[in-house]
Each structure stands twice: as C-alpha cells, then as structure tokens.
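The values are calculated or read from the model by the stated rules, or taken from the named source; none is laboratory data. Quick caveat, the model's predicted, so the values are computed rather than measured. We place every Cβ from the backbone using ideal geometry, glycine too, and count neighbours over all the protein chains shown.
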Amino acid sequence: MNLRDLKYLVALADHKHFGRAAAACYVSQPTLSTQIRKLEDELGVSLVERAPRKVMLTPAGREAAERARRIVAEVEQMKEAARRSQDPEAGTVRLGIFPTLAPYLLPHVVPRIRTRFPQLELLLVEEKSDELLARLRAGRLDAAVLALPVNDEQLHAEFLFEEPFVLAVPEGHPLSRRGTLTLDELSEQRLLLLEDGHCLREQALDVCRLSGAHEKTEFRATSLETLRQMVAANVGVTLLPALAVKPPVARSDSIHLLSFSDSHPSRSIAMAWRRSSAMAGFLGRLAQVFRDLPPGLLAPGEAVATPAQAPAPVPAPRSDWA
C-alpha cells in the first residue's frame, strides 16, 4: 500500500467514475483501475461495486476512503509545514473562492496582498462552494473564501465582512424612480435567480422567504453576469451583492439599483481553513488583508470610487502572480 493508491481511492470516492477519477489523478483509467484492484487484494475486501453505468463504494470502501482522505491530508500538511518552517510568507498558497464573489472582490484585495506579502505565490481557484469545501477537506486547497455558515468541525472559519444585497430593476420598472424599498415591498416581486449549486441562489432564497417574494421559475441563470444582462433586457428583477455593483464593474444605464431602508439583507463572508493546518497563523494574517477593504466599498450605494481610483484587473484564477 502506498500514498499514490490512497489518492486514487479518494479520487474514486469523490468522482464515482473511473474515467473522471483517473483524469483528476493524471493517469490512465486502466492504471487507476489496476491499482484499486491491487488495493482490494491487499486489504482482502471489495472496495468498489462496479456497475455498467456507475461506480459505488462498498461500506468497507467508504470507510477506507475516509481514512485515506485523512492520511493524504496529513501528508500534505507535513509537506506544507516543512516548506512554511523556512519562510511562511514566501511559499505558495492555494486559495479557493466562489464565482459570484471572485471577480468583484479580488481586484480590491490582490494588490494589497502583493504589497503585504511581496514574495508570496498565490494560486487562485474559482469553483462553486461545495467543490471548494471538498478540495479544502482533501488538502487540495490551503484555504477558501466562502459564505457562512460553514458547517464542518474540522474547519476554522474566520469572519471577513458582511456584504449587503441591493435590488436590481430595469429602467422603466415602477421601482426605478426610487432609491430604496422595504423588505415587505419585495414580496410583490418575482426574482430572477441563479441555477442550483450556487450559494448565492440559496442566499437569495433566504431573502425571498423573509420577505414573501417568489422566484421567477421560467428562467435560471448560470452566472451573475447573465442575471445582470437579463435585468438590463427587462426580463425581470434580481438581488445583487454590493461588490458586484462597485467599480471596477462598469455601471449600466439600463439597470437601477435600490437599497433596503428598513432591513439589510446580506451575506456573511469568511475565510476557512483546516484546524490542523500548519499555515493557520499565516492564514490569519492573510485573512486580515481581505478584511481591510477600502472604506465605503461594502456600502449598498451604487459607487464608492471614481474610475481613476478603481483597482487594476485581477489575474485569472488558477494562475500565480509572482
């Protein structure tokens, strides 16, 4: 038994498919399948139920996969501890962030990280929250910026900030002549929302439940930018997080934004990392950079800076800026 085989088992448990698990491990499907069979022979039990169209782990397989996941994570932590012991601010950090936040937050934060940690190599991964959590637990990410709550006792969640929501309506909408509305007034609206899998969808549904509003089920967007375009095209109204309407995001003349006067619906943003992480001290300092945002950036108004003050574009996810 070796660490490589344990990684194969963890990948199979995650993907429930030999081909996708092999691709995730950068090996051929026959190689992964052969090593899983060798692992079964060594343990003397069947780990996998092999069906024509899907793969399921046996009870013994599920238990073995969970143990393997912990072992792999501990080995990664051992390697990271050795690297960090030399210079904790000059290594590599693999940071995850979800798509409805990444393009709007990172332009404000990355330049500050460059200044605070000039030798740091930051690798950014943009994925939906469930995938980020899976990678974080497996040791494939060092930390992730997520929306609270994060319900996992193995993870520490460091609160960063509260991000308000605003209501986006098309110009010509009855509410477009106003600057604010009450939460009760939202009950009269049918909102455009994202498709399943986005945490912003769940956050917007929570606001709908509080206000009595309903979803416009005829359309579900695949991205926040699609939602914005649908509002501009007079398809409907939606909730947008405050950072998504601030510079350097271009303002649309076809969209009118309203803040809430009597209630302040919002989402709580945190940075999460494993409690066992050897990088915990450094990640706490990194989280502080995310927390120290420019004054007024999280106000629900439409702008906080002139275009000349807008931060430089952020690098593409999955790359470094060293």
Practice problem: Please tell me if P111 is at pLDDT below 90 and within 30 Å of P295 (Cα to Cα). | Solution: no
Practice problem: Check segment 29-38 and report whether any residue there is closer than 19 Å to V75 by Cα, free of Cβ contacts under 8 Å to residues at least 60 places away in the same chain and assigned by TED's automatic domain parsing to the domain that holds A68. | Solution: no
Quiz item: If you take the residues in segment 122-139 that are out of contact with any helix residue (DSSP H, G or I) (no Cβ under 6 Å at 6 or more places or on another chain) and within 17 Å of D196 (Cβ to Cβ), which one is surrounded by the fewest Cβ atoms within 10 Å (Cβ to Cβ)?
Solution: D130
Quiz item: Filtering segment 140-177 down to residues that are crowded, with 21+ Cβ neighbours inside 10 Å and among the charged types (D, E, K, R), which residue is nearest to V125 (Cα to Cα)?
Solution: D142
Self-check item: Within segment 131-142, tally of residues that are touching a strand residue (DSSP E or B) at 6+ places or on another chain (Cβ under 6 Å) and assigned to a helix (DSSP H, G or I)
Solution: 2
Practice problem: Name every residue in segment 89-130 that is of a type outside the set (A, V, I, L, M) and either assigned to a loop (DSSP other than H, G, I, E, B) or not assigned by TED's automatic domain parsing to the domain that holds L160 (or both), in order of residue number. | Solution: E89, G91, F98, P99, T100, F117, P118, Q119, E127, K128
Quiz item: Does segment 300-314 contain at least one residue that is farther than 19 Å from L123 by Cα, modelled with pLDDT of 90 or more and part of a loop (DSSP other than H, G, I, E, B)?
Solution: no
Quiz item: Do the conditions hold for A278, that is, is it more than 24 Å from the chain's Cα centre (by Cα), of a type in the set (G, A, S) and either closer than 27 Å to V109 by Cβ or at pLDDT 90 or above (or both)?
Solution: no
